[in-house]
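Only one structure is covered here, and it is reproduced in the block below.
The values are calculated or read from the model by the stated rules, or taken from the named source; none is laboratory data. All values reported here derive from a predicted model rather than from experimental measurement. A quick note on method: Cβ atoms are made from the backbone with ideal geometry, for glycine too, and the neighbour counts reach across all protein chains shown.
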Amino acid sequence: MKVLVINSGSSSIKYQLLDTETEAVMVSGLVERIGEEMGDLKAKVYPDTDDEVVNKLHQPIPDHTTGMRLAIDLITDPEKGVLKDKSEIGAVGHRVVHGGEEFHKSIIITDEVIAAIEACIPLAPLHNPANLDGIRVAMDLFPDAPQVAVFDTAFHQTIPARAFMYALPYELYEEDRVRRYGFHGTSHKFVAGEMAAILGKPVEETNMITVHLGNGGSMTAVQNGKSIDTTMGMTPLEGLVMGTRSGDVDPALHTFLARNKNMDIEAIDTMLNKESGLKGLCGMNDMRDIHEAIAKGDKHAKIALDVQTYRNRKYIGAYMAVLGCIDAIVFTAGIGENDEIVRLESLRGLECFGVKIDEKVNDQRAKEPLKISTDDSTVAVWVIPTNEELAIARETKSVLNQ
Ligand code: AMP
């Protein structure tokens with residue numbers, strides 16, 4: 001079956017067309033700057049296995065419907081495309097950021113599901129409306145294809161109350177659903193499944209810590225294949241030090257900033273989400289730039305690296321305590337897959353907990369899963385590339401098979 005995977009943002013649509021039999025990507029594209037004066041579409045098309053063709057469009061793209069239509073026109077273009085007709089697309093899989101407590105797994109989209117995703121808008125005011133735009137456009141363009149919602153939060157719905165409750169007045173949970181939800185669930189679940197397969201164990205019998213370090217970052221304690229704690233909270237701001245997000249701070253910070261710096265709620269929100277994290281500490285949010293700056297003696301860059309990797313180490317320690325015995329630690333996403341220094345620093349000092357790294361292997365770059373622990377390490381440490389589009393395509397297929 002051909003599955004179209006859509007990740008719809010407020011002014012962009014990321015999409016991939018995959019063949020679920022072979023798991024090959026047929027098209028991967030990005031529509032950007034929707035609603036601006038000029039928009040862009042860039043799509044890699046794979047007419048046969050290796051012959052990658054890049055198509056680009058630069059024109060006004062007033063709305064998501066136009067963006068998606070342009071993408072489909074390219075997919076079905078007689079010369080540049082890979083399909084004769086859009087009816088060959090058997091299903092559409094949508095990334096949906098927030099499913100609240102409603103959704104524990106992926107689901108076929110109905111009117112009730114759309115209403116429930118709308119009801120989660122207060123919890124994800126930027127993401128869920130954009131995801132819904134993508135769903136509505138796809139339902140219009142593919143009226144006969146089933147549409148499946150795959151939630152970032154669903155994998156974490158197994159987290160027990162002791163880990164998802166904040167120690168706040170209980171009514172805030174009952175009335176306003178204030179609690180930890182966790183995000184990046186599709187990625188954590190995907191790499192956990194891959195890790196168990198590599199270890200040759202059923203995922204239901206595998207304990208591990210999955211470390212997703214990209215521009216956003218989160219870590220999950222996985223017990224017997226299920227998420228039992230994760231660093232992101234009610235929103236994706238809590239937890240690790242990210243590209244521009246602070247992660248954990250003292251909750252009294254807001255009051256301090258309001259009282260002493262005369263900052264209002266919007267200014268504090270912008271600062272914590274867009275001007276903090278690595279960028280706040282050193283002015284750069286790309287790890288490659290930070291390493292270059294450190295090599296030139298930039299002290300702020302060094303502090304940024306130290307604060308991020310220390311926070312990673314602290315949570316790895318916490319999750320080891322939470323899980324007891326663990327089989328593996330898995331690093332994934334942009335930094336996790338590519339940055340040997342961050343991996344090494346995040347694991348420094350954990351030898352007495354059974355974590356031993358082979359530094360030579362850790363220095364290697366690999367597109368495939370790579371074991372970076374030594375053979376006598378009691379905890380296996382792996383780098384496993386994440387693939388959220390493939391994960392969404394697999395989920396879509398599996399929901400339709402049920
Ligand atoms: P992601 O959100 O998973 O796409 O990750 C993006 C982040 O990965 C970038 O902001 C960089 O900080 C980081 N990154 C990408 N490539 C490398 C690399 N070769 N070395 C270190 N960091 C990298």
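Among the residues that make up segment 1-17, is at least one of them among the charged types (D, E, K, R) and at pLDDT 95 or above? Yes, segment 1-17 contains at least one residue that is among the charged types (D, E, K, R) and at pLDDT 95 or above.
Of all residues in segment 370-392, those being over 15 Å from K189 (Cα atoms), within 16 Å of the ligand (Cβ to nearest atom) and in contact with a Phe, Trp or Tyr (Cβ under 6 Å, 6 or more places away or on another chain) number 0.
If we keep just the residues of segment 195-219 that are surrounded by fewer than 24 Cβ atoms within 10 Å (Cβ to Cβ) and within 16 Å of the ligand (Cβ to nearest atom), which is nearest to V381 (Cα to Cα)? Residue satisfying both the conditions and the ranking: G214.
From the list L123, L141, which residue is farther than 16 Å from E101 by Cα, at pLDDT below 95 and more than 16 Å from the ligand (Cβ to nearest atom)?
Values: L123 fails: farther than 16 Å from E101 by Cα.
Every option except L141 fails the conditions.
Among the conditions (1) in contact (Cβ under 8 Å) with a residue 60 or more places away in the chain; (2) on the phi > 0 side of the Ramachandran plot; (3) away from the ligand (no atom under 16 Å from the Cβ), G239 misses just one, which is (3). Kindly evaluate G134 against the criterion of being closer than 30 Å to R69 by Cα, within 16 Å of the chain's Cα centre (by Cα) and not hydroxyl-bearing (S, T, Y). No: the conditions fail for G134. Please give the strands (runs of 3 or more DSSP E) falling wholly within segment 149-256 in which 1 or more residues are of a type in the set (A, V, I, L, M) and either within 18 Å of T332 (Cβ to Cβ) or under 15 Å from the mean Cα position of the chain (by Cα) (or both). The strands (runs of 3 or more DSSP E) meeting that bar are 208-213, 217-223.
Taking T186 as the residue in question, decide whether it is in contact (Cβ under 8 Å) with a residue 24 or more places away in the chain, under 22 Å from M232 (Cβ atoms) and touching an Asp or Glu at 6+ places or on another chain (Cβ under 7 Å). Give the derivation first.
Details: in contact (Cβ under 8 Å) with a residue 24 or more places away in the chain: yes; under 22 Å from M232 (Cβ atoms): yes; touching an Asp or Glu at 6+ places or on another chain (Cβ under 7 Å): yes.
Considered against the rule, which asks whether it is in contact (Cβ under 8 Å) with a residue 24 or more places away in the chain, under 22 Å from M232 (Cβ atoms) and touching an Asp or Glu at 6+ places or on another chain (Cβ under 7 Å), T186 comes out as yes.
Of the residues that sit in segment 63-101 and are modelled with pLDDT of 95 or more and assigned to a loop (DSSP other than H, G, I, E, B), which one is surrounded by the most Cβ atoms within 10 Å (Cβ to Cβ)? Once the filter is applied, the top-ranked residue is G99.
Selection within segment 5-47: residues that are in contact with a Phe, Trp or Tyr (Cβ under 8 Å, 6 or more places away or on another chain) and more than 17 Å from A130 (Cα to Cα). The member of this set that is surrounded by the fewest Cβ atoms within 10 Å (Cβ to Cβ) is A24. For beta carbons closer than 9 Å, sequence separation of 6+ or different chains, a first residue in segment 132-149 that is surrounded by fewer than 24 Cβ atoms within 10 Å (Cβ to Cβ) and a second that is at pLDDT 95 or above and acidic (D, E), the qualifying pairs are L132/E118. Of everything in segment 242-284, what is of a type in the set (K, R) and either in contact (Cβ under 8 Å) with a residue 40 or more places away in the chain or in contact with a strand residue (DSSP E or B) (Cβ under 9 Å, 6 or more places away or on another chain) (or both)? Give them in sequence order. Passing the criteria: only R245.
Applying the condition of being in contact with a strand residue (DSSP E or B) (Cβ under 8 Å, 6 or more places away or on another chain) and within 20 Å of I372 (Cβ to Cβ) to segment 312-322 and asking which residue is farthest from the ligand (Cβ to nearest atom) yields M320.
Scanning segment 150-194 for residues that are hydroxyl-bearing (S, T, Y) and buried (at least 20 other Cβ atoms within 10 Å of the Cβ) yields T153, Y181, T186, S187. Candidates in segment 323-342 are the residues that are surrounded by fewer than 22 Cβ atoms within 10 Å (Cβ to Cβ) and away from the ligand (no atom under 15 Å from the Cβ); of these, the one that is nearest to I159 (Cα to Cα) is L323.
For the condition at pLDDT 95 or above and within 14 Å of the ligand (Cβ to nearest atom), what is the one hit in E345, E395, E359? When all the criteria are applied, what remains is E345.
Can you work out which of the residues in segment 274-311 that are in a loop (DSSP other than H, G, I, E, B) and over 22 Å from the mean Cα position of the chain (by Cα) is nearest to the ligand (Cβ to nearest atom)? Here the answer is G283.
Quick check: is even one residue across segment 47-61 in a strand (DSSP E or B), touching a residue at least 12 places away in the same chain (Cβ under 8 Å) and touching a His at 6+ places or on another chain (Cβ under 6 Å)? Even if it seems obvious, please write down each step before you answer.
Taking segment 47-61 as the starting set, the residues that turn out to be in a strand (DSSP E or B) are 53-59.
Then drop every residue that is not touching a residue at least 12 places away in the same chain (Cβ under 8 Å), which leaves 53-59.
Keeping just the survivors that are touching a His at 6+ places or on another chain (Cβ under 6 Å) gives none.
The answer is no; no qualifying residue exists.
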